[in-house]
Amino acid sequence: MMLKTRITEMFGIDAPILMGGMTGVGYGELVAAVANAGALGFITAHMFSDGDALLAEIKKVRSLTDRPFGVNLTLLPSINPIPYDEYREAIIAGGVTIVETAGRAPTDHLPRLKEAGVRVIHKCTSVRHAVSAVRKGVDVISIDGFECAGHPGEDDVGLVVLLPATVDAVDVPVIASGGMADGRGLVAALALGADGVNMGTRFCATQEAAIHENVKHKIVENTERDTVLVGRTLNNTARVARNAVSEQVAAIQTDPHKTFDDVRELMSGARGRSEVLAAGNMDGGIWTAGQSQALVHDIPTCRDLVARIVAEAEMAAKRIGRIVV
């Protein structure tokens, strides 16, 4: 089955499936495997110390695939300065022509990226932010529904409403993110007006993902109920996997007077990456996963996963064809 959309045409990929940036996961080997499977993967820039380190990772991916791939720039405030300008120049020097941004609008980076012929996908969690980002010049919107892993925003709108509302409001391609894990979701997203889907949790449970096998098996074991929302009282909601640490954080944050300092050590990203993603201690720290865990039942290669999703989409489309007369 050929699934041609504005996204496949724009980026030269075989299937309208993306693996967006993921902290602790989006390294070169996985990105290359996703690319070789016919989908589009993103290196996560802020995992690298500086522009030179990111450029080295870009070159590594180039040695592993001749297919398109991108780089994620998550633009967030930080206590320690993040070398965003260095990352941007490394992207350009490495010949990468696709960037996924998240967090604040990439307004200050757009002129230089556009000058270099880079197309920008901006990830949003609301229609109003999507409209604003398009007005500022981004090329594609990736809209995150409430089901997603990571930061779903503060509006709590599910993708089945948020996606078509966004499609109606902007005139650029829209990617559906949050709850996407199989071909049924892909067909549903296309029917709602999307030109592609973004899958994060699903790509974590693949053979090429450089995270501990315990994490992958836990994703397979978990259901849609095995996530926890933290950071709600701080207006910085995050959906993470349910474990002893995330439940402890959520319990502390039932008190609206508690501050980030009360949970700082528990929510440390470095702790989650070292203790959970690397060491496989499933209660060692906070780690990110979406409600789509309920749809993950195995740990395939990226190539097998993408092929299966496309085949599932074909079956779902045929089923719709039998129903609609």
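The values are calculated or read from the model by the stated rules, or taken from the named source; none is laboratory data. The shown structure was predicted, so the numbers you read here are calculated from the model rather than taken from an experiment. Counting neighbours? That spans all protein chains shown, and the Cβs are built from the backbone with ideal geometry, glycine included. These area figures cover heavy atoms from the full protein model, side chains too; ligands, DNA and RNA do not enter into them. Shrake-Rupley method; radii C 1.70, N 1.55, O 1.52, S 1.80 Å.
Report, ordered by chain and residue number, the lysines lying within cross-link reach of LYS114, taken as a straight Cα distance under 19 Å and ignoring same-chain residues fewer than 8 apart.
LYS123, LYS136
Under the rule of at least 5 residues apart or a separate chain, name every residue whose amide H is placed under 5 Å from the amide H of THR227.
Excluding prolines and chain starts, which carry no amide H, the hits are ARG242.
Can you find, among VAL118, ILE7, ALA241, the residue sitting farthest towards the positive end of the charge dipole of the chain, where Lys and Arg contribute +1 and Asp and Glu -1 at Cβ?
Farthest towards the positive end: ILE7.
Could you give log10 I(q)/I(0) at q = 0.15, 0.19, 0.22, 0.23 Å⁻¹ for the range 66-107, computed by the Debye formula over C-alpha point scatterers of equal weight, without solvent?
-0.39, -0.60, -0.77, -0.82
Per-residue HN-Hα couplings for the range 240-248, Karplus 6.51 cos²θ - 1.76 cosθ + 1.60 at θ = phi - 60°, whole Hz, x for Gly and Pro?
My calculation for the range 240-248 gives 10, 5, 6, 7, 4, 6, 5, 5, 5 Hz in order.
³J(HN,Hα) across the range 274-282 via Karplus (A = 6.51, B = -1.76, C = 1.60, θ = phi - 60°), whole Hz, x for Gly/Pro?
Computed from phi, the couplings for the range 274-282 are 7, 7, 9, 4, 8, 8, x, 7, 6 Hz.
Starting from the alpha-carbon convex hull of the range 238-287, give the projected area averaged over all orientations, in nm².
Across all orientations, the range 238-287 yields a mean hull projection of 3.1 nm².
Rounded, prolate or oblate: which one fits the range 245-325, using the alpha carbon gyration tensor with axes a ≥ b ≥ c (rounded when a/c is under 1.5, else prolate when a/b beats b/c, else oblate)?
Verdict is oblate for the range 245-325.
What number, rounded to the nearest 500 deg cm²/dmol, is the helix-based mean residue ellipticity at 222 nm of the chain, given -39500 (n - 2.57) per DSSP H run of at least four residues and division by all its residues?
Per the formula, -10500 deg cm²/dmol.
So if I take the centroid of the Cα atoms in the range 75-129 and the same for the range 302-325, what is the distance between those two points in Å?
34 Å
Treating the beta-carbon of each Lys and Arg as +1 and of each Asp and Glu as -1, no other charges, what is the dipole magnitude of the range 85-179 about its Cα centre, to the nearest 20 debye?
Using Cβ point charges on Lys, Arg, Asp and Glu, the range 85-179 gives about 280 debye.
Give the cross-link partners of LYS59 among the lysines, using a straight C-alpha distance below 20 Å as the criterion and excluding same-chain residues fewer than 8 apart.
Leaving aside lysines fewer than 8 places away in the same chain, none come within reach of LYS59.
Quick query: amide H of ILE43 versus all other amide H atoms, modeled in the peptide plane; which residues come in under 5 Å with a sequence gap of 5 or more or a different chain?
Under 5 Å from the amide H of ILE43: GLY70, VAL71, ASN72.
Which longest uninterrupted range of the chain lacks any trypsin sites (Lys or Arg not before Pro) assigned by DSSP to a loop state (not H, G, I, E or B) and surrounded by at most 16 other Cβ atoms within 10 Å?
With trypsin sites (Lys or Arg not before Pro) excluded where exposed in loops, the chain gives 105-224 as its longest stretch.
Given a 1.4 angstrom probe, what's the average accessible area per residue across the range 75-155, in square angstrom?
Normalised by residue count, the accessible surface of the range 75-155 is 44 Å².
Using bins 5 angstrom wide from zero, how does P(r) for the range 176-219 break down, in % of all Cα pairs?
5, 24, 26, 14, 14, 10, 5, 1
Please pull out the direction-averaged projected area of the range 85-135, using the convex hull of its alpha-carbon atoms, in nm² to one decimal place.
It is 3.4 nm².
Check each of the GluC sites (Glu not before Pro) in the range 205-308 and keep only those in coil by DSSP with at most 15 other C-beta atoms within 10 angstrom; list them in order.
Here the sparse-neighbourhood loop sites are GLU224, GLU265.
Can you tell me the Rg and Dmax of the range 140-273, counting just the alpha carbons, in angstroms?
Answer for the range 140-273, Rg first and Dmax second: 16.3, 44 Å.
At q = 0.10 Å⁻¹, what base-10 log of I(q)/I(0) does the Debye formula yield for the range 1-98 when every alpha carbon is treated as an equal point scatterer in vacuo?
Each listed q maps to, in turn, -0.26.
Please list, ordered by chain and number, the residues whose modelled amide H lies under 5 Å from the amide H of SER142; skip anything fewer than 5 residues away on the same chain.
Counting only residues 5 or more places away or on other chains, the set is HIS122, LYS123, CYS124, ILE175.
Whole number in Å², please: accessible area per residue of the range 199-258, 1.4 Å probe, ligands, DNA and RNA not counted.
Averaged over the residues of the range 199-258, the accessible area is 46 Å².
Hey, could you grab the Kirkwood Rh for the range 48-196? Inverse mean 1/r over distinct alpha carbon pairs, Å, one decimal.
16.1 Å
For the chain, what is the percent of antiparallel DSSP beta bridges, rounded to the nearest 5?
Antiparallel bridges make up about 15 percent of those DSSP assigns within the chain.
In cubic angstrom, how much convex hull volume per residue do the alpha carbon atoms of the chain span?
Considering the Cα atoms of the chain, their hull volume per residue is 128 Å³.
Grab the Cα-Cα distance for ARG119 and ILE299, subtract it from 0.36 nm times how many residues apart they are, and report the gain in nm with one decimal.
61.6 nm
How large a share of the accessible area of the range 223-303, in percent, is made up of carbon and sulfur atoms when the probe is 1.4 Å and the other protein chains stay in place?
48 percent
Which residue fluctuates most in the GNM of the chain (Cα springs below 10 Å): VAL61, VAL174, VAL31?
Maximum fluctuation in the GNM of the chain, among the listed residues, is at VAL61.
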